[in-house]
Amino acid sequence: MEQQKSVVALNGDIVSYSQLLAEDHDSTRAIVETFQQLVTGHISANNGTLVNFVGDNFMAVFSNVSEALQTAISVTSEIERRDPRISSSEKVRFRLGLDSGEVSIADQQYYGDVLNIAARIQTTAKAGGICVSGKVYRNLDEPALRFRSIGKNKLKNIPELVEIFEFVDFPSDQTTVTGSSGLDLESPTIAVLPIHIKNASNLVAEAADILRQELVHRLTAVPQLTVVNAKSEVGQEQGLTAARYYIETGVHQHGDRVRVFATFFDVTTMNIVKSYKWFVAADGLVELSERLAEDVARSIEVELIVGEPAGLYAELDDPEAIEKIYLGWYHLRSDIREGWSQALELFGQVADSHPDQPYGHVLSAFANWIGAANGWSPNLDEALLRAQQQAQKASENGDPTGMSQAIEGAVYMSQGRHREALAAIEQLEITRPTCDVTYGLEGSIRRYLGQWEKSVELLDTAMRLTGVNKPWYPTVKACSLFIGKQIEDAMTVAEVVLEYQPKNLEAHVVLAAAQTELGMSRRAKATIKAINEKFPAVDAVEWLDKNPYTDIERVKYWKDALSKTIAASG
């Protein structure tokens, strides 16, 4: 007798199975047999039913979406942990897809479109990845924290478009997630377009090609920058459409002189970010190529990766010190203790080698404050004292960014000295107003003082001044919006931050409270669960109490929202 049942279907398929068999038949078969046991065990543990496991493919069904997703995560995570010495390219991995809907069951056989759609969704996943349909996504407790939309897709033999979401928050993943938002938190991609050559001799044309090759080579050395070498016409090179930034170069010959130009622009706005121009003798083009590549790459590095403040530090007449500053910024942006420690050492070396310049001192002050704020310094009070002393040295040496005064204010705020913090930022002077960190620090202080509108304004300024925003800025903005009772905006910003930084406690705390205030109790409970899983040693309400907010009523409102959901979560 045929039976109808609503299920969640999970389909898995081993990536490049035929190729693996051809390369090593016996080892591949042994791995698949091990995987069959692994998959069967996880399906059973999560109350699922294995429909079949044929060759490299399996199908399973579950009664609810949480158990189906947990199986997919467990299978993928265990495979990744099996042998961490194996490189990513050599691992044997599944692609996994989920859909929900009705099936017919007859003679222990399962039939229905949901099985076919799950199998097709699986083909859209990355190696070792999980993709789910919109129906599955909307029935999960925490889609905003764990998924990224990849749009509506046309799947083979499926007449209607299927909305698909990619899972992006594996427990073992320590990296931030790339996505798409107006906050510019992503790692930037730049395309180097074909070079324009006009009225050029054969020798000049050949030298121009060398010039472009040198530029591509130098740009690929910039950490966290993706470079597309667009050798063909615009739009024909694979990956070109994914680039937000283009660099266009040209060589125009006039007799024995050559005009060389480069233009760096933002495709989304078509605004020119920077332009460059050189005039050289026709036989001097090759000699120019290395300097051109260095000048262009370094300025792009400042605009898109390091941030404008680093451009000021290039005024130091010491290439070794400049390099240490750049490296320190990279390490500090890693948002991990090891990166912070390396940055602190590099900035300290610059302060020692240039004691009469403000830059090494102010960066050391900032790094010490960051170490105290994140709990990375072994002694909080000592770190804050060092930050204050170094900030004072930077001020005495004429810090043009105002960052040193902002750090003093931040230190006072961390110590609960609210009046002194306010006095420090009210006296803040910036002679070179291009330092995003200064505005970010002031915005953070004004957030704690309850001046949420001014805080949002300052943080927006900080984000405009840097090509790649630090998640810290929108995190503080989310807090400011929440205390200003701009609940929906606070939730939206917190969600975007968590797409890129899944282990950001402050963003989680904003999100849970905002979801509670908006009546999204199921989502709020899931966010509290995520906090407990990711930060098991943290009590969210106690943590919030330790933040130096001066307006007790605003914090009470926040704590009440958290406490309500924590109590409801049991």
Would you mind telling me which numbered condition in (1) over 16 Å from Val493 (Cα atoms); (2) modelled with pLDDT under 90 Ala462 fails? (1)
Out of curiosity, is Ser455 at pLDDT below 90, among the small types (Gly, Ala, Ser) and outside the structural domain of Asp266 (by TED's automatic domain parsing)? no
All but one of (1) farther than 27 Å from Arg138 by Cβ; (2) in contact with a helix residue (DSSP H, G or I) (Cβ under 9 Å, 6 or more places away or on another chain) hold for Pro536; state the number of the condition that does not hold. (2)
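When you scan the range 75-176 for strands (runs of 3 or more DSSP E) that lie fully inside it, which ones turn up with 2 or more residues that are surrounded by 16 or more Cβ atoms within 10 Å (Cβ to Cβ) and at pLDDT 80 or above?
On the way: elements: 94-106, 109-111, 130-133, 147-153, 162-167.
Here the list reads 94-106, 130-133, 162-167.
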Which of the residues belonging to the range 542-562 are closer than 17 Å to Thr527 by Cα and surrounded by 15 or more Cβ atoms within 10 Å (Cβ to Cβ)? Trp543, Leu544, Trp558, Lys559, Ala561, Leu562
Hey, could you check the range 177-219 for residues that are at pLDDT 85 or above, in contact with a strand residue (DSSP E or B) (Cβ under 7 Å, 6 or more places away or on another chain) and of a type in the set (S, T, N, Q) and say which is farthest from Asp460 (Cα to Cα)? Ser201
From the residues in the range 476-519 that are of a type in the set (Ser, Thr, Tyr) and crowded, with 24+ Cβ neighbours inside 10 Å, which one is modelled with the highest pLDDT? Ser480
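Report those helices (runs of 4 or more DSSP H) wholly inside the range 359-469 carrying at least 2 residues which are charged (D, E, K, R) and farther than 23 Å from Glu323 by Cβ.
380-396, 418-426, 436-448, 452-464
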Flag if Ala45 is hydrophobic (A, V, I, L, M, F, W, C), over 22 Å from Ala106 (Cβ atoms) and surrounded by fewer than 19 Cβ atoms within 10 Å (Cβ to Cβ): yes
Residues located in the range 381-406, provided they are touching a Gly at 6+ places or on another chain (Cβ under 9 Å) and either of a type in the set (Asp, Glu) or under 23 Å from Glu506 (Cβ atoms) (or both): Ala383, Ala387, Ala406
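The values are calculated or read from the model by the stated rules, or taken from the named source; none is laboratory data. Being a predicted model, the structure only gives us computed values, none of them experimental. Please note: Cβ atoms are built from the backbone with ideal geometry, for glycine as well, and neighbour counts cover all protein chains shown.
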